[in-house]
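The values are calculated or read from the model by the stated rules, or taken from the named source; none is laboratory data. Just so it is clear, the structure is predicted and the values come from calculations on it, not from any experiment. Cβ: placed from backbone, ideal geometry, glycine included. Neighbour counts: every protein chain shown. Accessible surface is based on the protein model in full, side chains and every heavy atom, while ligands, DNA and RNA are left aside. Shrake-Rupley method; radii C 1.70, N 1.55, O 1.52, S 1.80 Å.
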Amino acid sequence: MGLRRFIKEYFQGFWDYETPKVMVVKNRTLGVIYRTVQFLVITYFVWYVFISQKAYQESETRPASSVYTLMKGTAAHGDVILDMVEYARPPEGGDVISTILRREFTYDQKQSTCAEYFKVAKANCTKDLDCVEGEVDFDGHGRRTGRCVQYYNYTFKTCEIQSWCPIEEYAVVREPPLVEAINFTVFIRNSIHFPRFKVLRGNIKDVSNKRGMHKYLNKCHYHEEKEPYCPNFRLGYIASKARENFTELCKTGGVIGVFINWKCNLDLDPSHCKPTYAFRRLDLRKDQSTSGYYYRFAKYYDKNGEKSRTLIKAYGIRLDIIVHGHAGKFSPIPTIISTVTALTSVGICTIICDWIMLTFIDKNEVYSERKFDEVIKEPPQSNSTNPVSTELSFINSFGSVHSDLSDGVPL
């Protein structure tokens, strides 16, 4: 019976209609809380949503972008003059470019047999039986011949291998770092296109004629305030902005990200759409043995009819050009959505204050009796001597639909 009655009452109550009732509560504490919450909600939407985030705009965050880079500079390294062909990789430019700061050479390597490096696992030996013929250690330099030989000019022995000999660790010749590279410049040309708004912008200053453009690009260097449209960046400037020591970079190399950020408000003239730059070291430096940036390449030649090579291990700075773009323009649809959201969110103030009033202030249930009324439909009375009542009558009702509660109500 109890379950059936509960279901019946729930079903009947489901079709009830609830409407808010206006009730003025003259309580200073509650009024301060209400206006404070209301002020915070309105401030959030006005300042953050509309002004800061520009929620009234239609936005585009995935523009099309192209990057072209070119390294410039000349340095004297002993009696050798180095230009961009010697130190810039790759020569055709792109969103990744590197420059060599220090080199290590292993000259006159030939395909022959020699002793394996002694730090390779199981390379040290005392007799031929310690070396397995045909075994290849992928951390080593070649295939083992099965012989145990003297390690070059030292007294101990290692397993013999078939490889490019002599091995790098034994015969390497290290050059001093190219400190002049601090004044090298990298030319970065970036074009960005927002197809939704049909806006195309570039990071180079517009000059009326080609001759003036060429002259400007040859003498300018980027500066945040003085030359924001100059695409030439000194390597020393990039390293300092990334908070790196250029001398240390010459020793170990490193990867630096050049971030080009386009944040364009297209409600203004497109000429106000300017890029900003940020620089940050990208490679991990926790492990000194694997940090930095270097790569190997070789130069091959014939010597006395035999194929030979010079192995070069190059340390340098690699620049990764990363482009981010965001453009926004006024649109009625996001404006309407944001405005409706703001007006709806103001209702949170009433919900919070009602909860505070009924939970913490209304200890004698004076407010709750005034706030919640129940209205039912009554049948007309049969006694004609009595006045006819209205079709809707209040049960447990106190006052009119608009109630005014002052501070004098006892709690």
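If you check Arg143, Arg103, which single one turns out to be open to solvent by less than 40 Å² (accessible area, probe 1.4 Å) and among the charged types (D, E, K, R)?
Result: Arg103 is the single residue among Arg143, Arg103 that is open to solvent by less than 40 Å² (accessible area, probe 1.4 Å) and among the charged types (D, E, K, R).
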*Qualifying residues in the range 52-62 (those that are touching a residue at least 40 places away in the same chain (Cβ under 8 Å) and hydroxyl-bearing (Ser, Thr, Tyr)) - the one most open to solvent (accessible area, probe 1.4 Å)*: Thr61
_Restricting to the range 111-142, name every residue that is in a strand (DSSP E or B), more than 47 Å from the chain's Cα centre (by Cα) and either hydrophobic (A, V, I, L, M, F, W, C) or under 26 Å from Arg309 (Cα atoms) (or both)._
Gln111, Ser112, Thr113, Cys114, Ala115, Cys125
*Go through the range 1-104 and tell me which strands (runs of 3 or more DSSP E), entirely inside it, have 2 or more residues that are among the acidic types (Asp, Glu).*
57-60
*Given the conditions (1) touching a residue at least 60 places away in the same chain (Cβ under 8 Å); (2) open to solvent by 50 Å² or more (accessible area, probe 1.4 Å); (3) under 29 Å from the mean Cα position of the chain (by Cα); (4) within 30 Å of Ile188 (Cα to Cα), which single one is not true for Ala76?*
(3)
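Please determine whether any residue of the range 123-131 is touching a residue at least 40 places away in the same chain (Cβ under 8 Å) and polar (S, T, N, Q).
no
Being open to solvent by 30 Å² or more (accessible area, probe 1.4 Å), farther than 27 Å from Gln53 by Cβ and out of contact with any His (no Cβ under 6 Å at 6 or more places or on another chain): is that true of Gly305 here?
Details: open to solvent by 30 Å² or more (accessible area, probe 1.4 Å): yes; farther than 27 Å from Gln53 by Cβ: yes; out of contact with any His (no Cβ under 6 Å at 6 or more places or on another chain): yes.
It is true that Gly305 is open to solvent by 30 Å² or more (accessible area, probe 1.4 Å), farther than 27 Å from Gln53 by Cβ and out of contact with any His (no Cβ under 6 Å at 6 or more places or on another chain).
Look at Arg211 and say whether it is of a type outside the set (A, V, I, L, M), exposed (fewer than 10 other Cβ atoms within 10 Å of the Cβ) and at pLDDT 85 or above.
no
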*Given the conditions (1) open to solvent by 50 Å² or more (accessible area, probe 1.4 Å); (2) in contact with a strand residue (DSSP E or B) (Cβ under 7 Å, 6 or more places away or on another chain); (3) of a type in the set (Asp, Glu); (4) within 30 Å of Lys72 (Cα to Cα), which single one is not true for Glu225?*
(2)
*Of all residues in the range 16-51 being farther than 29 Å from Ser338 by Cβ and aliphatic (A, V, I, L, M), the one that is most open to solvent (accessible area, probe 1.4 Å)*: Val24
_Single residue of Cys250, Cys264 found to be over 25 Å from Asp206 (Cα atoms) and either assigned to a loop (DSSP other than H, G, I, E, B) or open to solvent by less than 30 Å² (accessible area, probe 1.4 Å) (or both)_ = Cys250
*Specify the residue that is most open to solvent (accessible area, probe 1.4 Å); the eligible residues are those in the range 153-164 that are out of contact with any Gly (no Cβ under 6 Å at 6 or more places or on another chain) and outside any loop (DSSP other than H, G, I, E, B).*
Lys157
*Take the range 181-216 and flag every residue that is touching a Phe, Trp or Tyr at 6+ places or on another chain (Cβ under 6 Å), part of a strand (DSSP E or B) and aliphatic (A, V, I, L, M).*
Val186, Ile192
*From the list Glu92, Glu86, which residue is surrounded by fewer than 20 Cβ atoms within 10 Å (Cβ to Cβ), under 30 Å from Lys263 (Cα atoms) and free of Cβ contacts under 8 Å to residues at least 24 places away in the same chain?*
Glu92
_Within the range 312-411, helices (runs of 4 or more DSSP H) holding 2 or more residues that are surrounded by 15 or more Cβ atoms within 10 Å (Cβ to Cβ) and at pLDDT 90 or above_ = 332-345
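Go through the range 267-292 and give me each residue that's open to solvent by 50 Å² or more (accessible area, probe 1.4 Å) and part of a loop (DSSP other than H, G, I, E, B).
Residues of the range 267-292 that are open to solvent by 50 Å² or more (accessible area, probe 1.4 Å), as a first pass: 267-272, 274, 276, 280, 282, 284-290.
Result: Asp267, Leu268, Asp269, Lys274, Leu282, Leu284, Arg285, Lys286, Asp287, Gln288, Ser289, Thr290.
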*the range 144-165 residues that are under 10 Å from Asn124 (Cα atoms) and of a type in the set (Ser, Thr, Tyr), paired with ones that are open to solvent by less than 50 Å² (accessible area, probe 1.4 Å) and in a strand (DSSP E or B) (beta carbon under 9 Å, 6 or more apart)*: Tyr151/Ala115; Tyr151/Thr158; Thr158/Ala115; Thr158/Cys125; Thr158/Cys148; Thr158/Val149
*Give the residues of the range 206-260 that are in contact (Cβ under 8 Å) with a residue 60 or more places away in the chain and over 13 Å from Tyr277 (Cβ atoms), sorted by residue number.*
Leu235, Ala239, Phe246, Thr247, Leu249, Cys250, Lys251, Thr252, Gly253, Gly254, Val255
*Could you tell me whether the range 165-180 includes any residue that is touching a Ser or Thr at 6+ places or on another chain (Cβ under 7 Å), in a strand (DSSP E or B) and not aromatic (Phe, Trp, Tyr)?*
yes
